[in-house]
Amino acid sequence: STLAERLQTLPKVELHNHLEGGAMYPDLALRLAARNGITLPFHDAESAAAYYRFSSLDQFIDILRTTVATLNTAEDYADAVERQGIEARRQNIRYHELFVTYGLVSRRGVPWEAVVEGLIEGRRRNAERHGVDTAFIIDLDRTLPGDAALAHVELALAARERAGIVGLGLDCQEAGYPAGRLKHCFAAAAEAGLPLTAHAGEDGGAASIWDALDCGVARIDHGVQAVEDPSLLAVLAEREILLTVCPLSNVALQVFPSLADHTLPQLLAAGIPLCLNSDDPPMFDSDLLTECEAVEAQFGLGEALLVELLRNAVAHSFQPAPARTQLL
Ligand code: ES4
Ligand code: ZN
């Protein structure tokens, strides 16, 4: 068998996918747009591919804020969750943690109850129809005012058990919005025993990662700019902070000019635990298997190391310890 076949067969876990961007497959986005009476800036797979071309993280988030207008009802959210369950099943991903950024839709007045109902229904469908265990991490939109962000944490905590919420995170525009602005939100979640993560060091540099660590995170999403600061690399290794690295996303958003310029080899050499992820697969023309194959073609890590990276995702999932050991 080939390496690609063996990676396909291996039961896997993925920890860094976004519910919203991860659901924007052109066919699904167009169906959601039609039933919500919304016009998207594309009309088929080909024009979507032309629209899904990005120059930076900030410009990507602007486009995401446009496409996410398709998500309004519990049924929309359920369909978005289920689509990712179907894509997971296809790759033999048995468990995944999906980021849900309520801040992307709360300004438009989408009720939190509709979101929660959709998460519950989508999660039920994934378990029953697709054999995929779906959990959610509520991500705060970094650009939210501090009081609105805290309200989102309180909503997440109240829905935690019934909606399968296992963590709190942070995403959207990084530059100009240091994590410390929302430190009170992380403190409230930690107080309630919710594990923490944050997107950092995607385009905000090493300082942004230090700032996230200061908020008490156990993982960093991306973190690829940690190489700017050797003392930061040492701290990440020493504390065994998992980096959820998304190589093809970084290339798509021009964080690196090409995959050859990616810092993954330096992060590995520093002894930091990391895993591979696909971020927003339909918008970056990727999925977990494609990420693995691209990394292998570029860096030749070898099968044993690739499998170790896939196992890191199991060990660092936000499931409680007894459940975590039984994920695969
Ligand atoms: C995101 Cl910072 C970031 N990267 C990729 N996808 C996202 N969705 C929301 N924030
Ligand atoms: Zn992300």
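The values are calculated or read from the model by the stated rules, or taken from the named source; none is laboratory data. Because the structure is predicted, anything quoted here is derived from the model rather than measured. No Cβ is skipped: glycine too gets one built from the backbone with ideal geometry, and neighbour counts run over all protein chains shown.
One table, with the values for the structure above:
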item	result
Test set (1) within 16 Å of ligand 1 (Cβ to nearest atom); (2) of a type in the set (Asp, Glu); (3) without any contact (Cβ under 8 Å) to a residue 60 or more places away in the chain - Glu202 fails condition number	(3)
Scan of region 15-48 for residues that are surrounded by fewer than 14 Cβ atoms within 10 Å (Cβ to Cβ) and either in a loop (DSSP other than H, G, I, E, B) or within 16 Å of ligand 2 (Cβ to nearest atom) (or both), ordered by number	Gly37, Thr39, Pro41, His43, Asp44
Test result for Ser278, under 19 Å from the mean Cα position of the chain (by Cα) and either among the hydroxyl-bearing types (Ser, Thr, Tyr) or surrounded by fewer than 16 Cβ atoms within 10 Å (Cβ to Cβ) (or both)	yes
Boolean, Thr263 is at pLDDT 95 or above, under 22 Å from Leu98 (Cβ atoms), of a type in the set (S, T, N, Q) and surrounded by 14 or more Cβ atoms within 10 Å (Cβ to Cβ)	no
Exclusive hit being among the acidic types (Asp, Glu) and touching a strand residue (DSSP E or B) at 6+ places or on another chain (Cβ under 6 Å), set Asp141, Asp171	Asp171
So Arg311, is it over 28 Å from Ile61 (Cα atoms), surrounded by fewer than 22 Cβ atoms within 10 Å (Cβ to Cβ) and within 20 Å of the chain's Cα centre (by Cα)	yes
Verdict on Arg83 being under 30 Å from Arg6 (Cα atoms), among the charged types (D, E, K, R), touching a residue at least 60 places away in the same chain (Cβ under 8 Å) and not in a strand (DSSP E or B)	yes
Selected residue [surrounded by 24 or more Cβ atoms within 10 Å (Cβ to Cβ), at pLDDT 95 or above and touching a His at 6+ places or on another chain (Cβ under 8 Å)] from Glu97, Glu82	Glu97
Residue, farthest from the chain's Cα centre (by Cα), within region 120-156, restricted to residues that are surrounded by fewer than 16 Cβ atoms within 10 Å (Cβ to Cβ), acidic (Asp, Glu) and more than 15 Å from Ala88 (Cα to Cα)	Asp147
